[in-house]
1. Need the full-extension length gain, ILE83 to LYS329, defined as separation in residues times 0.36 nm minus the C-alpha distance. One decimal, nm.
2. Looking at this model, which pairs from LYS243/LYS329; LYS353/LYS409; LYS284/LYS396 are more than 29 angstrom apart at the alpha-carbon?
3. Take the Cβ-Cβ distance between ARG114 and VAL177 as r, set R0 to 30 Å, and report the resulting FRET efficiency rounded to the nearest 0.05.
4. Calculate the all-directions average of the projected area of region 208-343's alpha-carbon convex hull, and give it in nm².
5. Please work out the Kirkwood hydrodynamic radius for region 309-444, using every pair of different C-alpha atoms, and report it in angstroms with one decimal place.
6. Along Cα→Cβ, 7 Å out, is where each label goes; now give me the distance between the ones at GLU244 and GLU356 in nm to one decimal.
7. Write down, largest first, the equivalent ellipsoid semi-axes of the chain in whole Å, where each equals the square root of 5 times an eigenvalue of the alpha-carbon gyration tensor.
8. Using r as the Cβ-Cβ distance of THR134 and ASN287, and R0 as 51 Å, what FRET efficiency do you calculate, to the nearest 0.05?
Amino acid sequence: GTLLLKQGATITQQKYELLRALEFSFTGSKGEYSLRSRFGTGLYILLIFIGLGYFLRLHYAHVLAHSSSLNLYMFTFGTGILIALLLENYTVIRALSVPLLLVPVIIRSFFSDRLALFTHTIMIVALVPFVSATVQFLSVQFFAGLITLFFIRGIYKRSQLVQSTLKIMFVLLLIHVSIHLIRESDWTSQSVLPVIYSLGGTLILLFIFPLIYFFERSFGVVSDLTLLELSDTNNPLLKKLSKEAPGTFQHTMQVANLAEFATELVGGNTLLVRTGALYHDIGKVINSQYFTENQSSTNSPHEELSYFESAEIIIAHINDGIELAKKHKLPDIVIDFIRTHHGTSRVEYFYRKFKEDHPDSDQFDQFQYPGPKPFSKETAIVMMSDAVEASTRSIKDKTEQNLSEMIDKVIGHQLATGQFDNASITMKEINTIRDAFKRFIRGV
């Protein structure tokens, strides 16, 4: 029943603190923590993590399956929450200065837009009971993350980053102004400070490139920025391929274009697919003259070898490629494309030749690639692209019907031999890719 202050009265520092205490009494966000309060806090955080874990298990099982990815994800999520809570203890508005928008940017750089948006949303929900000025905090931080994901998408140059950061700051300013107008309040030093804190925190986006590099080195994961650098054809390893095995280089460029086109239709990491496709045959630089695409004369060096020796050289390009990739410090996620692009298939040409001459022999294992089979949608797409590009290139009479039949035959054989059993790809997606290949190859 005590009168706190009258409408129209001047707000002194003492009265301002009184109003803060009134707000805290309504929101329950401040004050001494009792045992009951601590229990509620623990239960709330537990529910947040259970929900997060269930979402990851349902939609991003690969994040849970790889410790490095999970460590990076939980470190980013936990650090964002911890810093916001620590700064909130000092003043009402400083939680707004925490660049929580950095969390979805980092998550998007290593995973996906969808996971980044979900993570940002659940992080804000986790913080709501523990911060004051809840409405302003919730509105500003949610929209900050949303517009950041929109503007930062596909940013790989510093000039683009500066422009996008300025755009984000402008939109945030509009959000603050709109909230201020809704409340019909006057501009004071106290009302301007949240705007300054919020816009100041946004400036950390200018340091996103070194931060991503730090996360890559700390957790052993690969971002889109690194994949973009690796996909540059001026990369030393790709330049070596173009000079020493020009036919293979042209083949890999076509495979990369084909795989990227298919991935855009069925979903997946197009940049990863393109990078993996560019390096999948890098091992052929060791014995480039033994591969058809690099032979300039009608005489093949295989004519002087037995079928077993020829198959051994062809199969060896897998291990040669892995060794070259490790020597040049390519990330494992790219090396996986070298390992899996033939799966456990056979060197068909020499296998069939040997079988014609030795129909009763059981030495067919020596013509088989060691594997493993593709274990992701991206590696499966590169396997299909590689086989389709190579087989359709060899057709002499390249009519639409012949090309279509060859593509059906190649993918049908891969399905029949179980090459996609371990990959997260559906029959619907495979059929979509098959049709995409026909359109793409017909255009070529």
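1. 85.1 nm
2. Check vs 29 Å cut-off fails for no pair.
3. 0.50
4. Computing the convex hull of the Cα atoms and averaging its projections yields 9.4 nm².
5. After inverting the mean inverse Cα-Cα distance, the result is 16.1 Å.
6. The two pseudo-label positions are separated by 3.3 nm.
7. 59, 21, 18
8. FRET efficiency, THR134 to ASN287: 0.15.
The values are calculated or read from the model by the stated rules, or taken from the named source; none is laboratory data. As the structure is a prediction and not an experimental result, all values here were calculated from the model. Note: ideal-geometry Cβ built from the backbone for every residue, glycine included; neighbour counts use all protein chains shown. Heads up: the accessible areas ignore ligands, DNA and RNA and are worked out on the full protein's heavy atoms, side chains in. Shrake-Rupley method; radii C 1.70, N 1.55, O 1.52, S 1.80 Å.
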